[in-house]
Amino acid sequence: MNTEHKDYSVVLVGPAGMGIQTVEQALVKILKSAGYHIFATKEYMSRVRGGMNSTSLRVGSVPVSAPVERIDLLLALAPGGVSHVSERISPTTIILGEKEQFEQEIPAGIRTIDISFEQIASAIGNKLYSNTVAVGLLGAVFHVEGATLEDFVQKRFAGKEQKIVEENKKAIRAGFEQGLRLVQSGLLDIRLQPDSRVKNQIVMEGIEAVGFGALAGGCNFIGAYPMSPSTGLLTFLAKHGKRFGVVVEQAEDEIAAINMALGAWYAGARGIASTSGGGFALMTEGFSLAGMLESPLVIHLAQRPGPATGLPTRTEQADLDLALYAGHGEFPRAILAPGNLQQAFELTRHAFDLADQFQVPVFVLTDQYLADTYYNTEPFDLSDVRVNHHFVETQEGYLRFALTESGLSPRGIPGLGRGLVAVDSDEHDEFGRITEDLNLRTKMVEKRRSKEKFLIEQAIAPMVRPAPKKEHLVICWGSTLPIVQEALEVLGREDVGLVHFPQVFPLHPSTAAILAPARTRICLEGNAGGQFARLLKAYADVEITHRILKYNGAAFTVEEVVRRLKEILK
Amino acid sequence: MLDEKVFYPGKLDIAWCPGCGNYGILRVLQKALAELDIDPHNLVMVSGIGQAAKLPHYFNCHYFNGLHGRALPAAFAISAVNPNLTVIAESGDGDMYGEGGNHFMHTIRRNPNITNIVHNNMVYGLTKGQASPTSRRGFKTPVQPAGVINEPFNPLAVAIALDASFVARTFIGEAERTKEILKQAIRHPGYALVDILQPCVTFNKVNTYQWFKESTYWLEDHNPLDRRAAFSRAIEESEGGKLPLGIFYINPNKVPYNQAAGIYETDTRPLFQRSVDLEKLRGLLQSYKE
């Protein structure tokens, strides 16, 4: 194996229900504690048992935060495992698995190390321990101490039957010994330099970073109906919510969820409705209500491929148009699309302030790829976490929809002050009572629309890695950021710049000025229609010269982006 | 006891037809709330869409007049994030049982501390006279010209089947008894359903004041703690009897949502008075280093 690597790509494949994700979680923690940079992303089928799932890990001496096609080490835990990732196997790949099981699958000339995880596990007591054996083996291969591994098992299985703890310890030891054997015999020679910075970093999944941002943003209500890939947020807030005083309610449907969130904001809480595209399709009615009530609202929309039920466990960036045009009638909204864990935290937090301050709905637009991806990163900056409520204590004669010069009416809440807070889904007067006064209607439309200017003023600027003027720009938004960043490093061309949009709507006023001077403007996004490219044309009058689109349900990989850029930038 | 006038909003252009049962419900509810000494500043009325759903506009109190069928999820959340408020979710039979049927069912399961008042006139008034979920079989309308063929929705039987903690039916022609039932429902901790029979004088020429008078009777010698008995009273009409009125069912042992969820166990303040606990957040972040 090539010892020049700054990082190794390790892939585990096995059927659903076998615990591939447990291995992923274990390795992420163990390898991080050993001082390696770690990245993990999974792909899985929409089924509880069977099928074939994989998890891809990168273990690095330098930060790693994007998926690669390359597989250095493939652990196939069941038949079918090798074929499942056959397109990613190259002559540098080493396959670990039971040779007999994979005979038909392994391409000629690929190095294979014969290890039966299942046999080792069965000898200990149960073939289900194959996972633990694999963790032990990889631990040894990456030079983690045996004691560290056993400690991990002790902690991981604390509270379980003693027998289970003991057998898992045996399994990890057995795997560890196998690994040592491979290292000592020279079959696997992996040398990575641990990085002392890693120790003080955090490691979490994208969806947890969103959850963290929600807590830091003062979120204290979530209404959600479980739907992949958004469910992790509901789970996160359910797990930690009670300690932080969050009302967590699993709604009967998405319609209830968004109306609950609106009710929560009305009464002074900070609510989030979390869902995926199909669920948000149901929420659009309530979304429009937010517009009419001028209610703050935060929506977490975790994209997956559609239309309809689409590919439930895969990824896409194709709900931008849905978020942009959702709801009938005309009213402003903001759409934030985090590109990495730091942004997932910052932008979710920001969404609550933005919604509260300007009484508008704000999207946090993520996707399956971001939600299910782990890596280590600097701890989030909590130094300025403080919730600034924008509601007011009302006086007698309070008007919820007072016509003011700015268009913003002070927002009161019931139970605070001597005013009455009245909101209505019909067109209403300044108090909030139904009206059919057409002059007032005109004023109210203008009042609602006028808040757009605040959102533009507050828009987050795109992140620009400059290229010399009039050269090439790669434009991307949301979760593709780290992938494009690494691809550009690999590409190594000075004349190619990067522009990433963490806020996709409304656009920052500098957008046209940043993009216009470039000779080529390549927009990369995970959909078939080039939705963001259209948005740039419609709202910034910027023409995109080239598009890199992907819509098969998988995230972009670094190599793929490099290849496709090379095709364009010949 | 407050003067019921505290709930009068002043002169308004009311959108109801003269003689509409909604006027009666409006007055009775104002009286009931005054007798319970509920400060309008602590009262939130939540409604959906329809003629009945306009009632909050004719009330001096906080209100959230949301979408068709969606009053209950909003009402649930309002009560969950500020338990100091008296929350009344109020709308018509089409809104609560038709468009909002799913929410009706699941709000009962949640048992939030809200009162759910349903104006039941067995017709769609705002859209000019189509059948509602509670229209009786054979009821003729422009959309059901040969008469309704569907079984009417029985809100009481459904609520009792779901073990709702308070279930009552009344008729607006009996103002005093309706007021007393409303008072009991509002005082009840947890979800309380009050289905109020009322005539639509314009679009329902069958279920008139006279019809309700003749087709209903008050429950006597009924033990509302007996769920089986309550259920059998709730289905009397479908078995050929009249519609009983009164409190059908009370389950005093049900735990209201806020108590079950434990949100106010250690901190009784409504959520808007709380802020992020930075120490806890730091602690949680720290756990992600390991």
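The values are calculated or read from the model by the stated rules, or taken from the named source; none is laboratory data. Since we're looking at a predicted model, the values are computed, not measured. So basically every Cβ, Gly included, is an ideal-geometry build from the backbone, and we count neighbours across all protein chains shown. These accessible areas exclude ligands, DNA and RNA; they are computed on the full protein's heavy atoms, side chains included. Shrake-Rupley method; radii C 1.70, N 1.55, O 1.52, S 1.80 Å.
Applying a threshold of 7 Å to beta carbon distances and a minimum spacing of six or more residues, or different chains, the list of pairs starting in segment B:49-77 at a residue that is facing another protein chain (nearest Cβ under 7 Å) and ending at one that is of a type in the set (Asp, Glu) and surrounded by fewer than 24 Cβ atoms within 10 Å (Cβ to Cβ) reads B:67/A:285.
Among the residues making up segment A:159-182, those that are open to solvent by 40 Å² or more (accessible area, probe 1.4 Å) and touching a helix residue (DSSP H, G or I) at 6+ places or on another chain (Cβ under 8 Å) are A:170, A:173, A:177, A:178, A:180. Might you check whether a residue that is within 14 Å of chain B (Cβ to nearest Cβ) and of a type in the set (Gly, Ala, Ser) occurs anywhere in segment A:348-369? No: zero hits. Among the conditions (1) of a type in the set (Val, Ile, Thr); (2) within 22 Å of residue B:73 (Cβ to Cβ); (3) away from chain B (no Cβ under 12 Å), the only one that residue A:315 does not satisfy is (2). Could you look through segment B:136-186, keep only residues that are of a type in the set (S, T, N, Q) and part of a loop (DSSP other than H, G, I, E, B), and pick out the one that is surrounded by the most Cβ atoms within 10 Å (Cβ to Cβ)? Looking at the filtered set, the residue picked out is B:165. Summed over segment B:253-281, residues that are in a loop (DSSP other than H, G, I, E, B) and either open to solvent by less than 90 Å² (accessible area, probe 1.4 Å) or within 10 Å of chain A (Cβ to nearest Cβ) (or both) total 15. Which residues, counting only those in segment A:1-29, are open to solvent by less than 10 Å² (accessible area, probe 1.4 Å), under 24 Å from residue A:486 (Cβ atoms) and not small (Gly, Ala, Ser)? Within segment A:1-29, A:8, A:10, A:11, A:12, A:13, A:24, A:27, A:28 meet the criteria. Filtering B:81, B:118, B:44 for residues that are open to solvent by less than 10 Å² (accessible area, probe 1.4 Å), at the interface with another protein chain (Cβ under 8 Å from one of its Cβ atoms), closer than 24 Å to residue B:257 by Cα and touching a residue at least 60 places away in the same chain (Cβ under 8 Å) leaves a single hit, B:81.
The single condition among (1) in contact with a helix residue (DSSP H, G or I) (Cβ under 6 Å, 6 or more places away or on another chain); (2) open to solvent by less than 20 Å² (accessible area, probe 1.4 Å) that residue B:1 does not satisfy is (2). Here A:432, A:478, A:419, A:497 are screened, and the one residue that is within 14 Å of chain B (Cβ to nearest Cβ) and over 16 Å from residue A:294 (Cα atoms) is A:419.
Evaluated against (1) hydrophobic (A, V, I, L, M, F, W, C); (2) touching a residue at least 24 places away in the same chain (Cβ under 8 Å); (3) surrounded by 23 or more Cβ atoms within 10 Å (Cβ to Cβ), residue A:153 falls short on exactly one condition, (2).
In segment A:299-348, the residue that is surrounded by the fewest Cβ atoms within 10 Å (Cβ to Cβ) out of those that are among the basic types (Lys, Arg) and within 30 Å of residue B:285 (Cα to Cα) is A:314. Looking only at residues in segment A:220-245 that are outside any helix (DSSP H, G or I) and over 18 Å from residue B:262 (Cβ atoms), the one that is most open to solvent (accessible area, probe 1.4 Å) is A:225. Restricted to segment A:379-419, and to residues there that are polar (S, T, N, Q) and closer than 30 Å to residue B:278 by Cα, the residue that is surrounded by the fewest Cβ atoms within 10 Å (Cβ to Cβ) is A:383.
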